[in-house]
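Engineer: Attaching a single structure in structure tokens format; questions to follow.
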Amino acid sequence: MESVKQRYFLELAYNGTNYHGWQVQHNAISVQEKINEVLQTILRQPIETIGAGRTDTGVHAKQLFAHFDTEKLDLSVDKKRFLHSMNSLLPHDISVQNILAVQLDAHARFDATSRSYEYHIHFDKNPFLNNLSWLLRDFPKVERMNEAAEHLLGTKDFSCFSKSNTQVFTNICTITRAEWVLENNGLIFHVTANRFLRNMVRAIVGTLLEIGVKNKPIEYVDDVLKSQNRSEAGASVPAHGLYLTKIKYPYIEENEN
């Protein structure tokens, strides 16, 4: 009798310092590679995960979902043991927070309704923030950056903040939150959208800092957006300050266990 497949979502978190991003690569170690290897060890069969999206080298994730298919697991019995086994075998900088059984057509990437990122900045040298936040010498004018960030809200063509030659169908995204918040003697940029382009958040942060540090006018954001040209936007800030923090799905309740 042919075995029945079931689709599962894994909820993951990782420190991206030691990895060349999420996605499997031929000549570099990735988070997805480590997840696939551990799943194959536990389930004793080839497993290929599909993630909610890719993160670049050095970028961190407080929450990322990936799905995979296998024969049915009895999660009412095996869930704790399964999570314990995965976390025992994974490197110290990757953890599995949860596993959920979902419909066979559920998709970690295409079904996500929103994604949220944070970019962390600090201003005093702190060895405990090394590779976890970007040390910035000049304290920016936060109110001006927040005023400029409001110009990003809504559905727009964000080509100006995307790496060139990316294989996407459209550069139109809908941003629902873009806000700087002072927190713990540092500064965090919060941004939420239905989708993001490659390098988009880091380019947005760099552009807003042109206004907050270099005193470019608020309207600079509008000019950059209209140009649809990456060279008109600010420089990309370093990857190590960036965190993927939340992904929402219509069929997953927040904090579901």
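No value in this document is a laboratory result; all are computed from the given coordinates. Because the structure is predicted, anything quoted here is derived from the model rather than measured. Backbone-built Cβ (ideal geometry, glycine too); neighbour counts: all protein chains shown.
Engineer: Over the chain, what is the relative contact order in percent, taking alpha-carbon pairs closer than 8 angstrom and at least six residues apart?
Structural biologist: 24
Engineer: Which longest uninterrupted range of the chain lacks any trypsin sites (Lys or Arg not before Pro) assigned by DSSP to a loop state (not H, G, I, E or B) and surrounded by at most 12 other Cβ atoms within 10 Å?
Structural biologist: Answer - 138-213.
Engineer: What range in the chain is the longest one free of chymotrypsin sites (Phe, Trp or Tyr not before Pro) that are in a loop by DSSP and have at most 13 other Cβ atoms within 10 angstrom?
Structural biologist: Counting at most 13 other Cβ atoms within 10 Å as exposed, the longest clean stretch of the chain is 1-109.
Engineer: Now a separate question. Give me the distance between the Cα centres of the range 42-118 and the range 145-203, rounded to whole Å.
Structural biologist: 25
Engineer: What's the magnitude of the charge dipole for the chain around its Cα centre, counting Lys and Arg as +1 and Asp and Glu as -1 at the beta-carbon? Answer in Debye, nearest 20.
Structural biologist: So the dipole magnitude of the chain works out to roughly 340 debye.
Engineer: Quick one: divide the alpha-carbon radius of gyration of the chain by 2.2 N^0.38 Å and tell me what you get.
Structural biologist: 1.08
Engineer: Run the dipole for the range 114-246 about the Cα centre, Lys and Arg Cβ at +1, Asp and Glu Cβ at -1, nothing else charged, and hand back the magnitude in debye, nearest 20.
Structural biologist: Here the size comes out at about 460 debye.
Engineer: Under the rule that an exposed site lies in a DSSP loop and has at most 15 other Cβ atoms within 10 Å, name the longest stretch of the chain with no GluC sites (Glu not before Pro) of that kind, not counting the sites themselves.
Structural biologist: That gives 49-218 as the longest site-free run.
Engineer: OK, next. To make sure I understand the rule: partners must be lysines, Cα under 27 Å from the Cα of LYS5, and not fewer than 8 residues away in the same chain. Which ones qualify?
Structural biologist: LYS34, LYS72, LYS79, LYS80, LYS248
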